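Comments concern the structure below.
The values are calculated or read from the model by the stated rules, or taken from the named source; none is laboratory data. Fair warning: this is a prediction, and the values are worked out from it, not measured in the lab. Glycine gets a Cβ as well: all are built from the backbone with ideal geometry, and neighbour counts include every protein chain shown. Keep in mind that these areas ignore ligands, DNA and RNA; they rest on the heavy atoms of the full protein, side chains included. Shrake-Rupley method; radii C 1.70, N 1.55, O 1.52, S 1.80 Å.
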Amino acid sequence: MSPDGAATQTTIEATAPEPETTEVDSLPHRIVDRLRSGDIGSWPVIIALAIIVLVFSQTAQNFFTPGNFTNIITQMAGTCLLAYGVVFVLLIGEIDLSIAFVSGVAGVVVAKAQLPNGAHLPWYVCILLALLAGTAIGAFQGSFVALIGVPSFVVTLAGFEIWQGVIQRTVPGVIVIQDNMINNASNYFFSNTAGWIIAGLVTAAYVFAMLGSAISNRRHGIPIHDPIVFVVKLVIVPFIAFLTVYIENKDRGVPFALLLMVGGLVVWTYVAKRTVFGRHIYAVGGNAEAARRAGINVARIRILVFMISGFMAGLGGIVLAARLNSVDLNAGGGTLLIDAIAAAVIGGTSLFGGRGEVRNALIGAAIISTVSNGMFILGYTTGTIFIVTGAILLLAVTFDTVVRRAQVRSGR
């Protein structure tokens, strides 16, 4: 080889690009980066819930017992189911102030339909009619928002008054629910064996879904970002499932109301995260005009979201009526509306739209019910409990505002 050829080869070798290496950030570095950008998920709320439980377990007598654990679950079930619907409404940047009395209307429908001296319909028809009533109300109110452009605050505030009036005019006093199948929506408890079977099925479904998602991502060239975090997620849900059953079996067993909450969480999380409809919800909440220009039928999305809110209000109303075995003139009243909205917001759903998850409602409802239950055991008055709950809500909204500003600064 000539000297010129050797020089050329040396130059090519010297200038040849080195193989690219992908640097993977360490877990602590990513945590710090997420804290700075405001992308912290539900962890602050989960940690807060753990601290609340720890404090009450040390200060409130009989708080950390299987019986009280069951009480908290049955108390929060109705609020949690309503809050699932609230999450969807907040995701599109709207609000629904009518959900409490919509749930009351559903309770009245299911109670009147089962009366032995009235319609005396089968239990499943009564429940279906109540759910249809809630869904129809949601579609009615959502149409004003989506098709006419009336602000959701005004529409649902009017609904708050209208459906309260409907309850006042249709309920003679107290309607006792005599159908045990309807009352089982809140008062049924599974046997110990059935509880373990439920925990096993939940574990199997969760592990299968997690591994299936990981394998699918691997086939598309997407590696597991954090193997340690993945393993922790794979273990923590089965651990919680079996621990819950273990605690519940020391009392009356796993309540059917818990199954409703878990089922709602799974179904609506799948809808929000795994379907085109769910992605459209986030798009509308993030920027409705951009979503419209991208070809999304914004009006249809808004109507469907209000129908979801009405449906979940109906389901929650059935559970609340079943818990008392009756409905009266106060159905849907009290702090139900505030608790349902607060549960979604405290759990981490943004009031500004486009950010939040269905699980936020479950976590928020757990915080509200745990605080209320613990303070009641300690002997605090209802007024004090209201003050503390309001302070928590204000703190959550303030935190959401700060996080949103951090995300804007980081370009997220």
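Label separation (Lys250 vs Val207): 2.5 nm, computed from points 7 Å beyond Cα along the C-beta direction. The slack in the chain from Leu394 to Thr170, taken as 0.36 nm per residue of separation less the alpha-carbon distance, amounts to 77.0 nm. Each of Phe230, Leu243, His220 was placed along the dipole of segment 189-254 (beta-carbon charges, centred on the mean Cα), and the one lying farthest toward the positive end is His220. Of the residues Ala106, Ala241, Ala344, the one that moves most in a GNM of the chain with alpha-carbon contacts below 10 Å is Ala241. Once the Cβ-Cβ distance of Arg218 and Val267 is raised to the sixth power relative to R0 = 30 Å, the FRET efficiency obtained is 0.65.
Two tests apply to each whole DSSP H helix in the chain, Cα reach of 20 Å or more along its axis and mean Kyte-Doolittle hydropathy of at least 0.5, and the ones passing both are 43-59, 66-91, 99-113, 123-143, 152-170, 192-219, 227-248, 256-274, 298-324, 359-377, 382-410. For Phe190, the residues whose modelled amide H falls within less than 5 Å of its own, excluding neighbours fewer than 5 places apart on the same chain, are Val254, Phe256.
The alpha-carbon of Lys233 sits under 19 angstrom from the alpha-carbons of these lysines, leaving out residues fewer than 8 places away in its chain: Lys273.
Across q = 0.18 Å⁻¹, segment 250-316 modelled as identical point scatterers on its alpha-carbon atoms has Debye log10 I(q)/I(0) values of -0.74, in the order of the q list. For segment 288-412, the Kirkwood estimate of hydrodynamic radius, built from reciprocal distances between every pair of different alpha carbons, is 16.9 Å.
With only the Cα atoms considered, segment 189-254 has a convex hull volume of 58 Å³ per residue. Summarising the label geometry, the points placed 7 Å from Cα in the beta-carbon direction at His120 and Ala48 lie 5.1 nm from one another.
Remark on the chain: Rg and Dmax equal 25.3, 110 Å (Cα only).
For the residues Gly278, Gly379, Gly165, a GNM of the chain with alpha-carbon springs under 10 Å puts the largest fluctuation on Gly379. In the full protein context, the chain carries 53 Å² of accessible surface per residue, based on a 1.4 Å probe and ignoring ligands, DNA and RNA.
Largest mean-square fluctuation among Thr193, Thr170, Thr244, in a Gaussian network model of the chain whose springs join Cα atoms under 10 Å apart, belongs to Thr193.
Its DSSP H runs of at least 4 residues, each contributing -39,500 (n - 2.57), put the calculated 222 nm mean residue ellipticity of the chain at -25000 deg cm²/dmol, to the nearest 500. Scan the chain and hand back the longest stretch that contains none of the GluC sites (Glu not before Pro) lying in DSSP loops with at most 13 other Cβ atoms within 10 Å. Counting only loop sites that pass the neighbour cut-off, the longest clear stretch is 24-412.
Debye sum, Cα scatterers, segment 280-351, no solvent: what log₁₀ I/I(0) at q = 0.14, 0.27 1/Å? For the requested q values the scattering log ratios are -0.62, -1.20.
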